[in-house]
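*Asks:* Please see the structure below; I have some questions.
Just so you know, all these numbers are worked out from the coordinates, no wet-lab data involved. Computed from a prediction, not measured in an experiment: that's the story for all the values here. Here the Cβ is made from the backbone with ideal geometry for all residues, glycine too, and neighbour counts use every protein chain on show.
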Amino acid sequence: MNLKEFIRSIPDYPKKGILFRDITTLIKNKEAFSETIDQIIEKSNQMKFNKIAAIESRGFVFGSAVSYILKKPFIMLRKKDKLPADVHSVDFELEYGKATIEVHKDSISQNDSILIIDDLIATGGTADAAAKLVEISRGKVAGFIFVINLFDLGGCDKLIKKGYKIKNLIEFPGH
């Protein structure tokens, strides 16, 4: 199955000059969504991890499904002020602004090995912040799996240069 056929491209969203890759058209198709989860699980077999983390919000769709199937604990990496208990926070730059992500301090224990899942990687700012959250929580990043890599925006290269393992299912240019 060619998963690229299920991704809708929306120009000038959320701002002019951005070509948004919309995964809602993929997840509303039961065969495409199932195939996506199967491919993520297949790629995850190449990494050793004991917990799965996903980045808000679209990463939750994929990460929670994989977590359920693999019977692994699921950790939510959320936007600022969305978690009720004590958190670790990391500020970072997006291609169209600034943001903060957080994780509960009790979600990751020392020596946990965390697989991070998200729908898309562009410049790598969010993914890099997610890795920092895992590391300040005393965990280790086992690797990343992205449904979509916008290859010409350099996010995967940025993470690879930092020594992280990266897998993705689909590649598109960023513009």
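*Asks:* State the number of residues belonging to region 123-161 that are part of a strand (DSSP E or B), within 18 Å of F20 (Cα to Cα) and of a type outside the set (A, V, I, L, M, F, W, C).
*Replies:* Residues that pass the stated criteria total 1.
*Asks:* Follow-up question, since we're still on this one. Answer with yes or no whether H88 is in contact with a Leu (Cβ under 9 Å, 6 or more places away or on another chain) and closer than 19 Å to G125 by Cβ. Steps first, answer last, please.
*Replies:* Values: in contact with a Leu (Cβ under 9 Å, 6 or more places away or on another chain): yes; closer than 19 Å to G125 by Cβ: yes.
Yes: the conditions hold for H88.
*Asks:* Looking only at strands (runs of 3 or more DSSP E) that lie completely in region 1-115, which have at least 1 residues being in contact with a Ser or Thr (Cβ under 8 Å, 6 or more places away or on another chain) and surrounded by 14 or more Cβ atoms within 10 Å (Cβ to Cβ)?
*Replies:* Filter on region 1-115 gives 19-22, 51-55, 74-79, 87-94, 97-104.
*Asks:* Hey, another quick one. Look through region 41-61, keep the residues that are touching a Leu at 6+ places or on another chain (Cβ under 7 Å) and not hydroxyl-bearing (S, T, Y), and return whichever of them is farthest from I7 (Cα to Cα).
*Replies:* We begin by selecting, within region 41-61, every residue touching a Leu at 6+ places or on another chain (Cβ under 7 Å); these are 41, 44, 47, 49, 52-56.
This time we only want the ones that are not hydroxyl-bearing (S, T, Y), so: 41, 47, 49, 52-56.
On the way: I41: 20, M47: 26, F49: 29, I52: 24, A53: 23, A54: 20, I55: 19, E56: 19 Å.
Of everything passing the filter in region 41-61, F49 is farthest from I7 (Cα to Cα).
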